[in-house]
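The values are calculated or read from the model by the stated rules, or taken from the named source; none is laboratory data. Source: prediction; values computed, not measured. Surface areas here come from the heavy atoms of the whole protein model, side chains and all, with no ligands, DNA or RNA. Shrake-Rupley method; radii C 1.70, N 1.55, O 1.52, S 1.80 Å.
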Amino acid sequence: MRPARPTPRRRACTGAAAAGIALLAGSLAACGADSEDTASAGPDGSTSAVGNNLVTAMKPLDAYPVPTEKLDNVDSVAGKTIFYVPITKQAPQFTTTEKAVAAAAETVGLRLQVCDGKGTPTDIGGCISQATDAKAAAIIADAIPYALAANGLDAAQKAGIPVVISNQVPDPSHPASKTLTWVQVPGSEQQIRLFDWIASDSKGKANILVNQSSDGLSPASYVADGKAALTKSCPDCKLTINKVTSSNFALIPSSTSAVLLKDPTISYADAQFEQYLQPTQGGVQQASRTDIKVVTGSASLGGMKALKSGSLAAVTAQAAAFQGWVNTDAALRLILGKPVPEYNIPTRLFTKDNIGDIKLTEEAELSGEWFGPATFTDDFKKLWGVA
């Protein structure tokens, strides 16, 4: 049986609270020229490994990497409430994760309360405070940098409420503890695979625009890892970074078109996460660049359908439904005072060559069958003693 693909090591990132708040407070410049970071690829490197990596990245898994450590006394959590707080519900991926958390919580008798962070420190802090005031059994914070809600997260843990932070590079200034754990995701792997595909598709001559999220430090880390890999595999490729944020969607089309108009040789546009896809495509249209191939990461059903229709060239996606069950498992272990294992969230690359292999339905997305056998829900139930 082919094991789950390993997730690359992520670089740990830190940041002061004030700096993190500024990132979400609308620091995006109105013109791409002010928000660009351009670099050419390095002088050497081989593309021989790229083809092999792409073949592997496009295949489904033989089995999901479900933890093996069983939990006892799970029935003791019945009737308690956990909070799920995504950084913004504008990201379609979080809807899938939310539904999966709800299903997982229901199997053990937990109640679920959802609070939208809306991409702003004020709303995120309000959600964390609401959970603390409600004496939640646990808080699952999705894609929220610790620095953006440090006071609230500190207060929650001081009140005995454990916190699971998902979709973030662990912050070394806030290490895992009895009340805090980090669930890493394949953000770097997704970025590397998209760049691998672009390098292959362009025959090593791509000029790429990346609309990189500035919502915290993790997205920049993912792009930096992708850039490092691109430098080695595609020495003649060029990368331009345009910083965008979920708190200022209205500026994304204009900043995107400004970059494209400034550099007419750009041939690929990468919306780092699907939540930025529509405004990125709007910017491409504003620039009247019909030759641009658009790709995106963290794709959900909408992105998959766009790929199928031909309006996207390639996408990467992570198993958001599996992640919902993983997040719940982590919360249960913290609630019960048990060690939290290291999780691996699968990812997969989709192009016109394999998009026809999957069902483009909400049921299929929620089942996790896009990435491998949809048996992980039963596996988790066995781990929790509720099968």
Expressed as an acute angle from 0 to 90° and rounded to the nearest 10, what is the orientation of the C-alpha long axis of helix 92-107 relative to the principal long axis of the chain? 20 degrees
Enter the angle in degrees (range 0 to 90, nearest 10) between the Cα long axis of helix 187-201 and the first principal axis of the Cα atoms of the chain, meaning the one along which they spread out most. 30 degrees
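Could you work out the percent of alpha carbon pairs in the stretch 173-323 separated by over 29 Å, rounded to a whole number?
Values: 1621 of 11325 pairs.
Value for the stretch 173-323 (Cα pairs over 29 Å): 14 percent.
Could you tell me what percent of the accessible area of the chain is made up of carbon and sulfur, with a 1.4 Å probe and every protein chain present?
On the way: 7930 of 15390 Å².
Exposed carbon and sulfur together represent 52 percent of the surface.
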Anything over 18 Å Cα to Cα? Flag those among Lys178/Lys381; Lys305/Lys359; Lys135/Lys382; Lys293/Lys359, in the order listed. Lys178/Lys381; Lys135/Lys382; Lys293/Lys359
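How much of the DSSP beta bridge set in the chain is antiparallel, as a percent to the nearest 5?
Details: 10 of 44 bridges.
Roughly 25 percent of the DSSP beta bridges within the chain come out antiparallel.
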Heavy-atom accessible area per residue of the stretch 295-375, all protein chains kept, 1.4 Å probe, expressed in Å², is 34 Å²
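For the stretch 176-258, with every protein chain kept in place, what is the accessible area per residue (1.4 Å probe, Å²)? Can you show the working numbers first?
Working: 2410 Å² over 83 residues.
Result: 29 Å² of accessible area for each residue.
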Which lysines have a Cα lying under 18 Å from the Cα of Lys232, excluding residues fewer than 8 positions away in the same chain? Lys203, Lys205
Going down the list Lys59/Lys338; Lys262/Lys352; Lys70/Lys99; Lys118/Lys238, which pairs span over 28 Å between their C-alpha atoms? Lys59/Lys338; Lys262/Lys352; Lys118/Lys238
Where does helix 320-335 land angle-wise versus the long Cα axis of the chain, in degrees 0 to 90, nearest 10? 40 degrees
